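The values are calculated or read from the model by the stated rules, or taken from the named source; none is laboratory data. Everything numeric in this text was worked out from a predicted model, so none of it was measured. Glycine also receives a Cβ, built like all others from the backbone with ideal geometry; neighbour counts cover every protein chain displayed.
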Amino acid sequence: MTELPSEGVAAPRLIDLPARGGGMAVLEWGPPDRPVDVLWSHANGFNGRTYTSLLAPLGRTLRVMAIDLRGHGATRLPTQMEGRTSWHGLRDDLLALLEALDGPPVVLAGHSMGGATSLMAAAEAPARVKALGLFDPVIMSPDAVRGADPAQFAESPLAVGARRRRAVFDSREAVLAAYTGRGAFKTWPLEMVADYVAGGFVDRDDGQVELACAPAWEASNFTSHQHDTAGAFARTRCPVEVWRAEEGSTCRFEPDPDGGRIRVETVPGTTHFLPMERRELVRERLAALASD
């Protein structure tokens, strides 16, 4: 049976970010008259809707917003790959969104690339961030970034795999059949695969569907690492929680605990897809960070 995406998910709305060149798509749960409590950013190649079953229950008491980063989902911000070397543009998009929301400090949270982007944004605008919840974020040591040949990133298995990714399918049902239980998706709950497909493909004029995140853009994110995520920890001022995978973690740097302000935990039995494998844990920690 084809697994349906989570029910009751409203279409994303666009928040105009004129200085960034377009609109950012956001999904929201919780009381609309309440300031945003948690702002969630997704992993490379994914989209905000992917995490619906994780985040929606928090909307019973909190206002939660999940974004589509530049080049993903329904966001309408231009993608410029030539000369791109870092994720600073993604960071600056998030900073512009925080400015547009203009509310009290929020919990910035995210998975993988979304966690790293949240960390860098918090380092630049500490007054806007109440706490950080980072779930297997992509954190490299400064030495690894400085010592790496850019061509090495370009030819990494992740970048090569992204460039080869099949972009067009006959239907979303065909995508689900191709993805469910395979490859990166083998540890995912079926509803999260379905939600990823619902938010990650767009309809074509010929009746087929196509990846919203172009393979070349996904690859660009895998090759653009000239940013200092490790150094960003010291420039944050809020409580920081890092929950990393036991197997194949992308968090390859141990930050200074800074008197207990920064907490790093490894979650047994998890892979890089920790938010898919431990939804209850992620939800519990986000609720705790928002209520502290």
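Residues in segment 15-24 include at least one that is in a loop (DSSP other than H, G, I, E, B) and either touching an Asp or Glu at 6+ places or on another chain (Cβ under 7 Å) or not basic (Lys, Arg) (or both).
When the residues of segment 239-283 are filtered to those that are among the polar types (S, T, N, Q) and within 18 Å of Ser118 (Cβ to Cβ), the one that is nearest to the chain's Cα centre (by Cα) is Thr250. Name the single residue, out of those in segment 35-52 being closer than 14 Å to Ser118 by Cβ and polar (S, T, N, Q), that is farthest from the chain's Cα centre (by Cα). Per the criteria, the residue is Asn44. All conditions but one from (1) modelled with pLDDT of 95 or more; (2) surrounded by fewer than 12 Cβ atoms within 10 Å (Cβ to Cβ); (3) not basic (Lys, Arg) apply to Asp149; the one that does not is (1). Can you confirm whether Thr61 is at pLDDT 95 or above and either closer than 24 Å to Ala167 by Cα or of a type in the set (Phe, Trp, Tyr) (or both)? When the stated conditions are applied, Thr61 does not pass them. Selection of segment 25-45 for residues being farther than 19 Å from Leu95 by Cβ and part of a strand (DSSP E or B) yields Leu27, Glu28, Trp29.
In segment 227-256, what residues are part of a helix (DSSP H, G or I) and surrounded by 19 or more Cβ atoms within 10 Å (Cβ to Cβ)? Correct list: Thr229, Ala230, Ala232, Phe233. Counting residues in segment 53-68 that are surrounded by fewer than 24 Cβ atoms within 10 Å (Cβ to Cβ), of a type in the set (Gly, Ala, Ser), assigned to a loop (DSSP other than H, G, I, E, B) and over 14 Å from the mean Cα position of the chain (by Cα) gives zero. Quick one: would you say Trp217 is under 21 Å from the mean Cα position of the chain (by Cα) and part of a helix (DSSP H, G or I)? When the stated conditions are applied, Trp217 passes them. From the set of residues in segment 69-86 that are under 17 Å from Phe201 (Cα atoms) and of a type in the set (Lys, Arg), which is surrounded by the fewest Cβ atoms within 10 Å (Cβ to Cβ)? Filtering first and then ranking leaves Arg76.
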